[in-house]
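Worksheet for the structure shown next.
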Amino acid sequence: MRAAVVTFPGSNCDRDLAVAFETAGFEVHRVWHRDTNLPDGLDVIGLPGGFSFGDYLRCGAIAANAPICREVKAFAERGGHVLGICNGFQVLLETGLLPGALMRNANLHFVCKPVGLRVENNQSPYTSGYGGCAEITIPIAHHDGNFQADAETIARLDGDGRVAFRYIDNPNGSAGDIAGVLSANRRVLGMMPHPERAIDAMHGGTDGLAMFTALTETLVGA
Amino acid sequence: MKAKVTVMLKTGVLDPQGEAVKSALGSLGFGGVDAVRQGKVIELDLAETDPAAAEASVKEMCEKLLANTVIESYSIEIA
């Protein structure tokens, strides 16, 4: 199985994300934002956390228009798996692959701490390793994680089972406590919490590991 | 010619930064500020000399990059 991790100028979780994919058995290819081709035989693309292009203009907006993102978008539209974490989630929203927007945290603070999440949908390639309504602890570290969309979009995400995770104690003002959103085909996941920072006991928790191993099992079984 | 793009959060979208500015103005003793909305201004120097063509081009820039139309509205002044 083959994963690609994209690095933008200002990405800072790219290596951690690569290690998480490797831990789950992936061969990882690192891809630069100016690249115009993805590796052959790719199973999943990871868009990492960080501050791509210094968060200039809007978080993720410039990265979403980088040359590699045209390929990422085409890959997702062909049914490929794409995982966007934190800044990667912001990029997915700016490309239009997922609906909504991430705004400045309602309390205006940068929030960096482990938070409790409820797994709302455990029928996706990323969440099938968790029990129904499981509660897990994953770190967050962001200033702009306040998920907002119009009421109709929020209702549609709820009704279609596209909310992957909700915060148990909302840290940023997100509508409906939404922490992670799936695409209609469940293959694109964007989330603010950092599962790649919770895959080793040395991290202080391992609740993120099941996301990567579930993806491996889904792809092997496919 | 020059273009000035003003990007604001859409009406109804909560603006946490505007609220913080409003609160700070209140604590400085400025009374009677009912609402504060914070946005951004982007100035562009364009090679285009036809105002209509310039406006059309800047509109495309707004839709594609300068504004996130999920949460933001924009206005364009050409001079």
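Each value in this text was obtained by applying a stated rule to the coordinates, not by laboratory testing. Given the structure is predicted, the values throughout are model-derived calculations rather than measurements. No Cβ is skipped: glycine too gets one built from the backbone with ideal geometry, and neighbour counts run over all protein chains shown.
Kindly write out, for segment A:192-197 in residue order, the coupling ³J(HN,Hα) from the Karplus curve 6.51 cos²θ - 1.76 cosθ + 1.60 (θ = phi - 60°), rounded to whole Hz, with x marking Gly and Pro.
After applying 6.51 cos²θ - 1.76 cosθ + 1.60, I find 7, x, 9, x, 5, 9 Hz.
Report the net charge of residues surrounding A:ILE138, where surrounding means a beta-carbon distance below 11 angstrom and charges are Lys +1, Arg +1, Asp -1, Glu -1.
Neighbour charge sum, excluding A:ILE138 itself: -1.
What are the ³J(HN,Hα) values, in whole Hz, obtained from phi via the Karplus relation 6.51 cos²θ - 1.76 cosθ + 1.60 with θ = phi - 60°, for each residue of segment A:48-60 in sequence order, with x given for Gly and Pro?
Each residue of segment A:48-60 in turn: x, x, x, 9, 4, 6, x, 6, 4, 6, 8, 4, x Hz.
Straight-line reach from B:LYS59: which lysines have a Cα under 22 Å away, not including same-chain ones fewer than 8 places off?
Cα-Cα hits under 22 Å: B:LYS2, B:LYS4, B:LYS10, B:LYS40.
Considering amide H positions built from the backbone, and no H for Pro or chain starts, which residues 5 or more places from A:ASN146, or on another chain, come under 5 Å of its amide H?
A:MET103, A:ASN105
So what's the angle, to the nearest 10 degrees on a 0 to 90 scale, between helix B:16-27 and the longest Cα principal axis of chain B?
50 degrees
Label the protein assembly as shown by shape, choosing from rounded, prolate and oblate, from the square roots a ≥ b ≥ c of the eigenvalues of the Cα gyration tensor; if a/c is under 1.5 it is rounded, and otherwise prolate applies when a/b is larger than b/c, oblate when it is not. Before the final figure, lay out each step's value.
On the way: a/c = 2.09, a/b = 1.39, b/c = 1.50.
Oblate is the answer for the protein assembly as shown, as a/c is 1.5 or above yet b/c matches or exceeds a/b.
Provide A:THR7, B:THR6, B:THR49 in ascending order of the number of other Cβ atoms located within 10 Å of each residue's Cβ, fewest first.
Numbers: A:THR7 22, B:THR6 14, B:THR49 8.
Neighbour counts put them in this order, fewest first: B:THR49, B:THR6, A:THR7.
By how many nm would the segment from A:ALA151 to A:ARG70 grow when fully extended, if each residue of separation counts as 0.36 nm and the alpha-carbon distance is taken off?
Using 0.36 nm per residue and subtracting the Cα-Cα distance, I get 26.2 nm.
Take every DSSP beta bridge whose two residues both sit in segment A:2-221, then give the antiparallel share in percent to the nearest 5.
Taking every DSSP beta bridge with both residues in segment A:2-221, the antiparallel ones total about 55 percent.
Please give the length that would be gained between A:ARG2 and A:ASN107 if that part of the chain were fully extended, namely 0.36 nm times their separation in residues minus their C-alpha to C-alpha distance (nm, one decimal).
Length gained between A:ARG2 and A:ASN107: 33.8 nm.
Within 12 Å, Cβ to Cβ, of A:ALA222, how many net charges do the neighbouring residues add up to if Lys/Arg are +1 and Asp/Glu are -1?
Details: positive: A:ARG187; negative: A:ASP43, A:GLU217.
With Lys, Arg at +1 and Asp, Glu at -1, the net is -1.
Near A:LYS73, which lysines are there with a Cα under 17 Å away, not counting those fewer than 8 places off in the same chain?
Qualifying lysines at Cα under 17 Å: B:LYS64.
Can you run phi through the Karplus equation (6.51, -1.76, 1.60; θ = phi - 60°) for segment A:112-121 and list ³J(HN,Hα) in whole Hz, with x for Gly and Pro?
9, 5, x, 10, x, 10, 9, 6, 8, 9
Counting only helical runs of four or more DSSP H residues, what would the 222 nm mean residue ellipticity of chain A come to if each run contributes -39,500 (n - 2.57) and the total is spread over all its residues?
-7000 deg cm²/dmol
Give me, ordered by chain and number, the residues 5 or more places off A:TYR130 or on other chains with an amide H under 5 Å from its own placed amide H.
When sequence neighbours closer than 5 places are left aside, there are no close amide H contacts.
Using the number of other C-beta atoms within 10 angstrom as an exposure proxy, rank A:TYR126, A:TYR167, A:TYR56 with the fewest first.
Final ranking by Cβ density, sparse to dense: A:TYR56, A:TYR167, A:TYR126.
How big, on average over all directions, is the shadow cast by the Cα convex hull of segment A:31-81, in nm²? Don't skip to the end; give the middle numbers.
Details: hull surface 14.3 nm².
Reported value for the Cα convex hull: 3.6 nm².
Within 10 Å of each residue's Cβ, count the other Cβ atoms and sort A:PHE110, A:PHE26 from fewest upward.
If I rank by nearby Cβ atoms, fewest first, I get A:PHE110, A:PHE26.
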